[in-house]
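Worksheet for the structure shown next.
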Amino acid sequence: MPQNQQKGRKTGKDPVETSVPAPLPLNSSLEVNLQEIGKRIGSSSDIVIRNFTNESLSSLSLTFIYIDGLVNADSVNQTVLQPLMENVTLKGDSITAEAAFSMIKDQMLPVGGVKEGKTLEVLLAMLFEGYTLILFEGLQVALAADTSGWEKRSINEPTSQGVIRGPKEGFTESLRTGTSMLRRRLKTTDLRIEEYKIGQRTQTGIAIIYLKGIASEQVLTEIRRRLDAINTDAILESNYIEEFIQDGGLTPFPTIQNTERPDAVAGGILEGQIGIIIDGTPFALLAPSTFFNFFQSSEDYYQRYDISSFLRLIRYGAFFVSMLLPALYIAVTTFHQEMLPTTLLISLAAQREGVPLPALAEALLMELTFDVLREAGVRMPRTIGPAISIVGALVLGQAAVQAGLVSAAMVIVVSFTAISNFVIPSLAIANSIRLIRFVMMFIAASLGLFGIMSFMMVLLIHMAGLRSFGVPYLSPVAPMIPRYLKDIFIRVPLWSMTMRPKTDLGKETRRQGPNQKPQPVEGANQPAPEQPKPQGEGPA
Amino acid sequence: MNTQRKALCLILCLPLLSALLSGCWDDRELNELGVTSGSAYDWENNEWKATYQVINPSSGASGMGGSGGGSTSSPPFVTFTVKGRTIMEAIERTNLTSTREMFFSHSRITVIGESLAKHGINQLIDMFLRKQDARETVYVFISKGEAGDILDQLMQLTKNQGSGIQLMIEQESRLLSYYPGTRLFELAMSLASESGSAVLPEILLTGPGIMDETSETGRTDLPSRLALGRLGVLKGEKFVGWLSQKQAFGLSFMTDNIETATIAFASQPRKSDKLDASFILQNSWTNVHPVWAKDHFIMDIDIKGSGVLTELGSVMDLNDRKAISEMEASLERQVLDLVNNSWTEVKKLGADVTGFAVRVHRSDRKRWKQIEKEKSWDSVFQEIEIRPHVSFQIERTGLSNKSFKSVQQE
């Protein structure tokens, strides 16, 4: 049977090389079971196997197995070992294995999760989750008590997506912490959490979280289908999932958002998106995501709408600057000199006097330098971090200009481009335009503005054709749905966003009552002739 | 799916195709360009003589003064003078001597020498309208002597001489209104219009020498500066004569080219003709209306304006409404004189720079057709009688009422 399956896997198109054996039912002999377990998991030092026998050494023989570090030692001692070992009945000779099994299961384990396992695979899976296994001599069934408790990072402020105003907690690597954070934010019966185990070797827990009735069933089915279709041996971070399930493999644009912020996930879920939390990484995914989602920051909703709208417009501006500025500089200075004001032209020409490289090479050199610096800054140990800024700012900026290698204008262009790139709240889309920028530069150097415009058209057509789980990537701009534009380029006041935006095929539902614009009650300023009755039932 | 892929490939390939059409063959780095800021054309020995002013970027000619990294002693621009049987032949010959490719898109001015203006400028205009990087927005000037000399002159405060001259003419037409600056397309338009005449401001050197060494500009009072002078009149394509600044001013009133102007006038014309007061004309409208009177045209010229009194040298109390009315009448007479004086000269030159032909064409098409047929506009023009009506209003009298002289005498 196992051979058959292995053979089937090999001849089939399964690319994953795995050694997953067929489910093996427990033997009634404890000895055999222990041998089999030993064969499966080897003799790793963190596995604790402890035997328990009663006085006669015959009628009852139990074995506890747990993995040190995955279990909470106190909990194992107090909820499993202690009750069992101190129990008088168990110590007595008269007890049979069956009786002990039901007694332990029903009466003696003061823990929440107690499960039965009949095959070795089920038991081992639970063992790796931090359960304590209790195997019985003479029984083909074993117990597993949830004693899990491993070292976790405490909840910290998100490092990649900070806010000035707003919640300061971020997801941690623990799946359960993540789901609990969302539960705390969405105290509704509609919240659904579905769990998957993906990755044959890692068995990574993955939870999809959505609001029933708001998330689109179509999208849900699609996400479930794609998650089920993943056949890989390891999921170590949310990007593994992202790459396996996102649409359009050949696109520089991300179609799934990732975030460290539980409030951002909650906000997305409330608008019909589906959250995916992956065990082992603080980055959760949100799908489906349109292009414009990447420009919305959760802080947009935590500050006044006027400043949020302004900042959002700046982000779109920064997006274009970051993508186009070096290309425009190259195009204008090598093809379209007549477009510059004379004074600027002359001062640029003066700076270019004596610069040995053509504009494209100059721009490429500086852009690559910046990317090297940035990468170095990420990888470098904290303690030598300041060295980066000295090398970057002084040596590569000022000195390069003074040495006549690059023009000062180019340094300004490159630094402004770099700064603009950081304005975009989502690193995913910021990274995608980092690459587009280089393509743009080459096109600008060969075709000028004409080339830039052509490539922009190509990008636009490409984006208009993209879909994220069936949702057009540019919606609600293309296809244009004017009434959903309230939260795209600007953010209107919260009280006027009465309907849920339908960008994601979810149901368009009312999310708050109408006419909530705060305004004084009519006639409130005039002295009231009599005390107005409070509406509703107040305390008498 | 497959068809989608194909379509995507096709779309992605389209811009690649365009690479065959255009490409980096025509790219020019900034340090390969000789940015010309002005050009001048003369006619000498039956040949075109063109002078180009090429900005020297490293001298900091951006107008910022000093910065830019180059030595300050190097001139802000250099000039090339070339000759050829055609203009383009002359231009291309620049490449025999210049290290940089001429780049005309940033030209601001063009100076036409009197010699060329007498020869005819049609070919020059054609070149400007035809050539891709030539700008028809350049301001055109005429110079009495050799036009090329003008471009050699260094300017103070502005290093880029071409744009400096542009600033001068723009400022003049905005604040002084003696004559408007003429851009090349305007020149072409008025030469091609019914009147077939145009005016060009004169640019001249106030002194005998040409200040063309950077060391010479280190003085506060240059012995020789660039200045705007008279107004040259072109008819057909040729130069026919000059209008003085005063006559040009009158012409500006007739052609509605007044932006702001300062007029000196006699405040008490009954007592003395002395021009002892100034008035800034802030708004002015001119309406020209041709009327056929049996055998000739009468041009009704309505000039209306309003402005502020800025200077008063006589004994006067402006609280008195009568005094102001008197001054307004004096002003009107002053402008009437300007207009009549200008008209006499224009008539003498026989060039319809007033644009009356256009007015006649618009208001009386039948008669215009006849004139066109008979080609008799020149004689009709000589018969024209003008009837200027001026109505000015002193809207404000400044911060004081009585003139200082009257305060003192009290």
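Taken together, the values in this text are just the output of simple stated rules run on the coordinates, not laboratory data. This structure is a prediction, so every number in the text was calculated from the model and none was measured. Virtual Cβ from ideal backbone geometry, glycine too; neighbours counted across all protein chains shown.
What the Cβ-Cβ distance of A:SER160 and B:ILE11 gives, at R0 = 45 Å and to the nearest 0.05, is a FRET efficiency of 0.80.
In loop segments of the stretch B:323-410 as defined by DSSP, the trypsin sites (Lys or Arg not before Pro) with at most 13 further C-beta atoms inside 10 Å of their C-beta are B:LYS375.
Please say if the stretch B:221-274 is rounded, prolate or oblate, where rounded means a/c under 1.5 for a ≥ b ≥ c the square roots of the C-alpha gyration tensor eigenvalues, and otherwise the choice is prolate for a/b larger than b/c and oblate otherwise?
Numbers: a/c = 2.38, a/b = 1.43, b/c = 1.66.
Oblate.
Measure nothing fancy, just the Cα-based angle from helix B:161-171's long axis to the longest principal axis of chain B, in degrees from 0 to 90, nearest 10. In chain B, helix B:161-171 runs at an angle near 30 degrees to the longest axis.
Per residue of B:28-37, what is the mean number of Cβ atoms on other protein chains within 10 angstrom of that residue's Cβ? Please list the in-between numbers first.
Numbers: counts 4, 11, 17, 12, 4, 5, 1, 5, 0, 2.
Per-residue shielding by partner chains comes out at 6.
Compactness ratio for the stretch A:313-472: Cα radius of gyration over 2.2 N^0.38 Å (N = residue count) comes to 1.12. Evaluate E = 1/(1 + (r/R0)^6) for B:GLU213 and B:LYS271, where r is the Cβ-Cβ distance and R0 equals 41 Å; express this FRET efficiency to the nearest 0.05. FRET efficiency, B:GLU213 to B:LYS271: 0.15. Restricted to Cα atoms, the protein assembly as shown shows a radius of gyration and a Dmax of 44.1, 147 angstrom.
Sparsely packed loop sites in the stretch B:307-337 (the GluC sites (Glu not before Pro) outside DSSP H, G, I, E and B with at most 16 other Cβ atoms within 10 Å) do not occur. The coefficient of translational diffusion for the stretch B:328-410, derived via Stokes-Einstein from the alpha carbon Kirkwood radius under 4 °C and 1.567 mPa s, stands at 80 µm²/s. Averaged over peptide A:337-344, the number of partner chain Cβ atoms lying within 10 Å of each residue's Cβ comes to 6. Which of the pairs B:LYS322/B:LYS402; A:LYS39/A:LYS91; B:LYS246/B:LYS375; B:LYS271/B:LYS322 have their Cα atoms more than 25 Å apart in this structure? Beyond 25 Å: A:LYS39/A:LYS91; B:LYS246/B:LYS375. For helix A:342-352, report the angle its Cα long axis makes with the longest principal axis of the Cα atoms of chain A; keep it between 0 and 90° and round to the nearest 10°. Roughly 60 degrees between the two axes.
Scaling the Cα radius of gyration of chain B by the globular reference 2.2 N^0.38 Å produces a ratio of 1.23. Label positions at A:ARG226 and A:GLU243, each projected 7 Å from the Cα along the C-beta direction, are separated by 1.5 nm. Directionally averaged projected area (the stretch B:84-147, Cα convex hull): 4.7 nm².
Compactness of the stretch B:56-203, taken as the C-alpha radius of gyration over 2.2 N^0.38 Å, stands at 1.10.
Taking only C-alpha pairs under 8 Å that are 6+ residues apart, what is the relative contact order of the stretch A:183-229 in percent? Before the final figure, lay out the partial values.
Numbers: 35 pairs, mean separation 13.7, N = 47.
RCO, the stretch A:183-229: 29 percent.
Output the pairs from B:LYS235/B:LYS373; A:LYS152/A:LYS212; A:LYS212/A:LYS517; B:LYS304/B:LYS369 with a Cα-Cα distance over 22 Å in this structure; if there are none, say none. Present the calculation step by step, with values, prior to reporting the outcome.
Numbers: B:LYS235/B:LYS373 19 Å; A:LYS152/A:LYS212 31 Å; A:LYS212/A:LYS517 29 Å; B:LYS304/B:LYS369 31 Å.
Where the Cα-Cα span goes over 22 Å, the pairs concerned are A:LYS152/A:LYS212; A:LYS212/A:LYS517; B:LYS304/B:LYS369.
Quick one, what does Rg over Rh come out to for chain A if you take C-alpha atoms and the Kirkwood Rh? Write out the running numbers ahead of the final one.
On the way: Rg = 31.1 Å, Rh = 28.4 Å.
Radius of gyration relative to Kirkwood radius: 1.09.
In what order do A:LEU143, A:LEU124, B:LEU14 fall by count of nearby beta-carbon atoms within 10 Å, going from fewest to most?
Working: A:LEU143 24, A:LEU124 19, B:LEU14 12.
Ascending number of Cβ neighbours within 10 Å: B:LEU14, A:LEU124, A:LEU143.
The C-alpha atoms of chain B define a longest principal axis, and helix B:245-254 lies at about 90 degrees to it.
Largest mean-square fluctuation among B:ARG108, B:ARG93, B:ARG270, in a Gaussian network model of chain B whose springs join Cα atoms under 10 Å apart, belongs to B:ARG270.
Label-to-label distance for A:ALA464 and A:GLU194 is 3.4 nm, based on points extended 7 Å past Cα in the beta-carbon direction.
For A:TRP150, B:TRP242, what's the fewest-to-most ordering of other Cβ within 10 Å of each Cβ?
Going from least to most buried by this count: A:TRP150, B:TRP242.
With the Cα gyration tensor of the stretch A:278-342 giving a ≥ b ≥ c as the square roots of its eigenvalues, does the rule (a/c under 1.5 for rounded; else a/b larger than b/c for prolate; else oblate) give rounded, prolate or oblate? Oblate is the answer for the stretch A:278-342, as a/c is 1.5 or above yet b/c matches or exceeds a/b.
Shape annotation for the stretch A:175-289: C-alpha extents along the principal axes are 35, 27, 23 Å, from largest to smallest. Sites listed here are trypsin sites (Lys or Arg not before Pro) in the stretch A:273-328 whose DSSP assignment is loop and whose Cβ has at most 14 other Cβ atoms within 10 Å: A:ARG304. If you average the alpha carbon positions of the stretch A:443-459 and of the stretch A:236-297, how far apart do those two centres end up, in angstrom? Going from one Cα centre to the other spans 31 Å.
For the protein assembly as shown, the share of DSSP beta bridges that are antiparallel, to the nearest 5, is 80%.
Round to the nearest 0.05 the FRET efficiency obtained for A:ASP68 and A:VAL122 when R0 = 22 Å and r is the Cβ-Cβ distance. Walk me through the intermediate numbers first.
Working: r = 21 Å, r/R0 = 0.97.
In this case the efficiency is close to 0.55.
Spin-label model, A:ASP306 to A:PHE416: label points 7 Å out along the Cα-to-beta-carbon direction sit 2.8 nm apart. Put in order of Cβ neighbour count within 10 Å, fewest first, the listed residues B:MET127, A:MET126 become B:MET127, A:MET126. Note that the stretch A:30-146 shows a convex hull volume over its alpha carbon atoms of 92 Å³ per residue. Inter-chain neighbour count for A:445-457: the average number of beta-carbon atoms from partner chains within 10 Å of each residue's beta-carbon is 3.
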